Amino acid sequence: MTYARYVALGDSQTEGLGDGDDIRGHRGWADRLAEQLAVANPDVQYANLGVRGRLAGQIRDEQLGPALRLRPDLATVMAGMNDLVRPGFDAVAVASALEDMFAQLTASGACVVTVTFPDIGKIAPLARRLVPRVLDINDRIKAAAARHGVIVVDTFPHSFTTDARMWSSDRLHASPLGHARIAAAIAHAIGLPGSDDTWSVPLTPLPPAARWRVAGAEVRWVASFAGPWIYRRLRGRSSGDGRVAKRPELGPVSSPPR
């Protein structure tokens, strides 16, 4: 199967944070997937509407209409993590926003792919109390996807998805390796020529770290990332304030960086 028009909807993961920077630009799994699509069809057109910090309802309200106007034959939807980590998380509202996107995109004729969330308690131990939310929203994502024929890449069962090497130092965004695996997983899920299941192969285990190193890493993470994130929330600010999509219109896929 080849695709002619690919549109990515989502938040910072779709924008590509963790794979590049604001100076050189962010590549990310959606760019990487588009590059793989271009191998199968060099004429493929690609748009990325993802904006960091966006909640599921905002993604639906801001990105769904533009996505439909682009008439994609392939669309990816990744949303909900920014909701999940906030106080007052409403799983029903998040699932409703996702289902609205699934319903309208599939009704337009697009093949739609979505992704569940990994066990964030193993990525950031201080987030263990949020694991029931992850399990709840993952079940809702899969149920909504089944109702609309949406393809699901289920990350939770795979232990490698919580490996530190899959995540950038902020533990919120995938590392380049993590983004590459997400792209490979979606390519395999849609049966892209040349794709296979090697994305799911576990990473070679690392030797266990000393407890003092683990404790020190937790302190540094709180000071460098968790603390500033909480401060922004208390001020009602978002990392995506004033930002727009990096590829709001369909365009040709550029060659990947060497």
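The values are calculated or read from the model by the stated rules, or taken from the named source; none is laboratory data. This structure is a prediction, so every number in the text was calculated from the model and none was measured. For accessibility, only protein heavy atoms count, side chains too; no ligands or nucleic acids. Shrake-Rupley method; radii C 1.70, N 1.55, O 1.52, S 1.80 Å.
At-a-glance table
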{"quantity": "³J(HN,Hα), Karplus 6.51/-1.76/1.60, whole Hz, each residue of segment 68-73, x for Gly, Pro", "calculated": "4, 5, 7, 6, x, 9"}
{"quantity": "Per-residue SASA entry for D119, accessible area with 1.4 Å probe, Å² rounded to 10", "calculated": "20 Å²"}
{"quantity": "Accessible-area order (highest first, 1.4 angstrom probe) of the listed residues L172, L33, L206", "calculated": "L206, L172, L33"}
{"quantity": "Share antiparallel - DSSP beta bridges, segment 1-100, percent rounded to 5", "calculated": "20 percent"}
{"quantity": "Interatomic Cα distance distribution for segment 1-141, bins of 5 angstrom, percent", "calculated": "2, 10, 19, 21, 20, 15, 9, 4, 1, 0"}
{"quantity": "Under-5 Å amide H pairs with G16, H placed in peptide plane, nonlocal only", "calculated": "none"}
{"quantity": "When segment 83-155 is reduced to its Cα atoms, the Kirkwood hydrodynamic radius in Å", "calculated": "12.9 Å"}
